[in-house]
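The values are calculated or read from the model by the stated rules, or taken from the named source; none is laboratory data. Keep in mind the model is a prediction, meaning the values are calculated, not measured. Cβ placement follows ideal geometry from the backbone for every residue including glycine, while neighbour counts extend to all protein chains displayed.
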Amino acid sequence: MTRSVRGPVPVSVALLVSGAAVGAAPARAETPGAAAALEEGDRLWAGRAEGAKGGTALEAPIEACLASYRRALSSDPTSLAARWRLMRALYFKGEYTTSDLERKKAIFEEGKRVGEDALAEIRRQASATAGRSLSDATPPQLVPFVKGRPDALASFLWAAVDWGKWSLAFGKMAAVKQGAAGKIRDYCEAAIALDPAFDDAGGHRVLGRLHHQTPAVPFLTGWASREKALSNLRRAVELAPRHFINRLYLAEALYDYEKASRGEARAMLQALIADTPAAEWAVEDARAQEDARALLASWARP
């Protein structure tokens with residue numbers, strides 16, 4: 001199973017990428033200390049499944065990875081490459097190493113904070129490019145100034161992911177007070193505008209899930225819709241048809257929204273369970289299969 005876009009942007013490549021659009025600034029180089037720590041962190045990230053059982057991972061491997069990314073950020077506080085990798089590793093730790101709610105809250109609180117810090121840094125860099133202040137710009141408004149900069153794209157996506165997990169951990173009322181749904185939407189829309197295929201259609205996957213899971217509340221989340229949930233999730237599967245979570249989320253949305261499609265939804269999950277997890281995504285794919293089994297069992301109940 002090939003999933004090239006889900007892996008890290010190699011540091012050696014990120015150092016060479018330059019802005020491809022008019023007004024886009026070239027990607028900044030990491031400091032030597034940060035680059036070395038990022039390389040080490042990426043090596044440790046590749047070993048995050050060591051000792052895992054199915055969809056549950058041990059904490060020690062991802063903690064070592066986190067330590068490297070934190071060193072990178074300490075060495076270069078302006079590094080977006082360190083920030084998005086840190087957000088990704090925090091997501092993995094909170095999602096796959098613990099079921100304890102209080103621990104999840106602490107992990108995703110850090111992930112949310114790193115995401116907001118990344119947005120502030122993107123605004124600072126974009127302001128320098130634009131020659132005017134963009135300190136209040138939304139992620140979609142920043143897109144013209146960060147085209148061709150993979151670390152900004154990855155920062156938008158992983159900020160959306162960690163905000164989403166933070167919302168699940170802290171609950172709907174806390175999420176409403178923080179404006180979480182709107183933030184996740186903006187991050188996803190920016191990621192899609194920059195590269196809809198990035199991270200196996202990650203922007204469409206997260207945005208579709210957001211529309212599926214967010215109740216439409218007048219004046220707050222009235223923009224949430226089943227049509228956008230299904231269109232984004234279908235697009236995610238079109239762009240990355242082998243991606244386990246894309247398939248899981250689309251099947252669940254189809255079952256919830258289209259009674260006539262429930263047979264299709266069941267068949268999708270059965271095919272997912274029968275599929276072979278990718279070695280590179282062993283824990284994530286195994287968890288998706290566990291979730292698929294749980295959904296099928298719940299659908300079988302009267």
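Given the condition closer than 27 Å to residue 256 by Cα, in contact with a helix residue (DSSP H, G or I) (Cβ under 8 Å, 6 or more places away or on another chain), surrounded by fewer than 24 Cβ atoms within 10 Å (Cβ to Cβ) and without any contact (Cβ under 8 Å) to a residue 40 or more places away in the chain, answer yes or no: does some residue in segment 195-213 qualify?
No, that holds for no residue.
Just checking, how many residues over segment 112-128 are of a type in the set (Gly, Ala, Ser) and closer than 16 Å to residue 82 by Cα?
As a first pass, look at segment 112-128 and keep what is of a type in the set (Gly, Ala, Ser): 115, 118, 120, 126-128.
Within this subset, residues satisfying the condition of being closer than 16 Å to residue 82 by Cα are 115, 118, 120.
Count: 3.
Return only the number of the condition from (1) under 23 Å from the mean Cα position of the chain (by Cα); (2) exposed (fewer than 14 other Cβ atoms within 10 Å of the Cβ); (3) farther than 18 Å from residue 237 by Cα that residue 300 does not satisfy.
Residue 300 satisfies every listed condition except (1).
Looking only at segment 255-290, filter to residues that are of a type in the set (Asp, Glu) and part of a loop (DSSP other than H, G, I, E, B); which one of those is modelled with the lowest pLDDT?
258
Being among the basic types (Lys, Arg) and more than 15 Å from the chain's Cα centre (by Cα) narrows it down to one residue among 113, 103, 88, 83; which is it?
Among 113, 103, 88, 83, only 103 is among the basic types (Lys, Arg) and more than 15 Å from the chain's Cα centre (by Cα).
What pairs come out if I take residues in segment 241-266 that are in contact (Cβ under 8 Å) with a residue 12 or more places away in the chain and pair them with residues that are part of a helix (DSSP H, G or I) and of a type in the set (Lys, Arg) whose C-beta lies under 6 Å away, six or more apart or interchain?
246/205; 249/209; 255/262; 257/226
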